[in-house]
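Worksheet: the structure to be examined is printed underneath.
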Amino acid sequence: MTEITGQSSALPGAKADTKVHPRVVAIDALRGFDMFWILGAASLLRGLRHVNKTEFVSTLSRQLSHVNWEGCHFYDIIFPLFVFLMGASTVGSLRNTVAREGRSAAYRRVLLRAIILYLLGLVYYGGLSHDGGPEMFRYMGVLQRIAICYLAGGVLFLNFRFRGLLVSCAGLLIGYWILMTFVPVSEHGAGNYEEGKNLANYLDQHYLPGYKLDGNGNWDPEGLLSTLPAIATGLLGIFAGLILFHADLSQRQKFGRLVMMGAVCLLVGWLWGLQFPVIKKLWTSSFVLLTAGWSYLLLAIFYLVIDICNIRTWAQPFVWIGMNPIAIYMLANLVGFSRLVRRVVHQDMVDAINPWGNLLVALLSLLVAVGICYVLHRKRIYIRV
């Protein structure tokens, strides 16, 4: 682990690190692969169960849906993988900002991006369109959590070397476990991780204003307390970035360290999960480590194939998506690609060829999303927050 440091572990503003770091294509491709499922690939494959009722398709369909509470499917990894990759890309982007413009500019960049992301989150979930005005804002959502994780991770990265970041990450995970395990909740006691009976849900119910997604509006899966371990997810991504942007490591050494980190996180996450269950809606510490383990391994595979072996053609659609992730995410909500397709493909036609009709709509919706990303990439339009 200490080999992640060295010359490249110096603070981004340090004189020893003035080199401008190139983009790692694997990060963009994996980010696009992650978004690919959100944009419609998951809906497309889930829809296959209506035309193919084999056990394999049923298993695949289950993996492309969220677990109700405890456990982890592939689809539960999508959000933490995005936060993880945000952390990984933070290393190169902030070091480049410091090298070109100085540390103050890097702080301004972090703060401004966090504010914009948070405001976009308010817009994404309806903004003032809800009856009741600001009281019905969803103050904690996906983009809001990303904003907070980016702000915290960016500030920590600009102020601490590797050891400080490691202590911060461990402190967040252990501290969250201590709070969830030993702080009693009214009527339910301490160490209760059931829905509605745990500390995170209790704090949301009593102290989180606005609209809340779960528990009949009483708590939120992106709530107040569970944002703390989500910051640790971003820090684990920063450690991946420290590996990938390390000047003194060969590509094969970087691959090996990513695999090693993935294996360690999976093992520790599984062991911790025996006591502190893997629960996405609480973003438990075991969930953080388990999903980070898979994130490291996925990044290692993408890095091996794309950056080491230079086999890139297959990944181009993912790169198109990964270069404009927030823009296409917002468009998917504001425009609604499936709604757009249904304006062209008449509902009578969809009903006439069901269940293939719904699959057709899902496929065309996905192609529209990927096509928009292709056009933006072709014209070199990258809408960065």
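The values are calculated or read from the model by the stated rules, or taken from the named source; none is laboratory data. What you are looking at is a predicted structure, and each value in this text was computed from that prediction instead of being measured. When we count neighbours, we look across all protein chains shown, and the Cβ atoms used for this are built from the backbone with ideal geometry, even at glycine.
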Original post:
Restricting attention to the range 305-354, which residues are among the polar types (S, T, N, Q), at pLDDT 85 or above and not in a helix (DSSP H, G or I)?
Top reply: Asn310, Asn324
Subject >> Residue list for the range 363-384, restricted to those being touching a residue at least 40 places away in the same chain (Cβ under 8 Å) and surrounded by 13 or more Cβ atoms within 10 Å (Cβ to Cβ) >> reply: Leu363, Ser365, Leu366, Ala369, Val370, Ile372, Cys373, Tyr374, Leu376, His377, Ile383
Original post:
Among all residue pairs at least 6 apart or on different chains, which show Cβ distances below 6 Å where the first residue, located in the range 247-263, is of a type in the set (S, T, N, Q) and the second is part of a helix (DSSP H, G or I)?
Top reply: Gln251/Ile308
Subject >> Residue among Phe276, Phe287 that is of a type in the set (Phe, Trp, Tyr), outside any helix (DSSP H, G or I) and surrounded by 17 or more Cβ atoms within 10 Å (Cβ to Cβ) >> reply: Phe276
**OP:** Return the residue satisfying two criteria in turn: it lies in the range 196-226 and is of a type in the set (A, V, I, L, M) and assigned to a loop (DSSP other than H, G, I, E, B), and of such residues it is nearest to Pro277 (Cα to Cα).
**Re:** Leu225
Subject >> Filter result for Ala232 (surrounded by 22 or more Cβ atoms within 10 Å (Cβ to Cβ), aliphatic (A, V, I, L, M), within 22 Å of Ile78 (Cα to Cα) and touching a Phe, Trp or Tyr at 6+ places or on another chain (Cβ under 7 Å)) >> reply: no
Original post:
When you look at Ala41, is it within 14 Å of Ser89 (Cβ to Cβ) and modelled with pLDDT of 85 or more, yes or no?
Top reply: no
Original post:
Do you know which residues across the range 152-195 are farther than 24 Å from Pro277 by Cα and among the hydrophobic types (A, V, I, L, M, F, W, C)?
Top reply: Ala152, Val155, Leu156, Phe157, Leu158, Phe160, Phe162, Leu165
Original post:
Among the helices (runs of 4 or more DSSP H) confined wholly to the range 23-104, which include 2 or more residues that are free of Cβ contacts under 8 Å to residues at least 40 places away in the same chain?
Top reply: 42-47, 55-63, 78-101
Original post:
If you check Val370 against the conditions, is it over 15 Å from the mean Cα position of the chain (by Cα), not assigned by TED's automatic domain parsing to the domain that holds Leu39 and not hydroxyl-bearing (Ser, Thr, Tyr)?
Top reply: yes
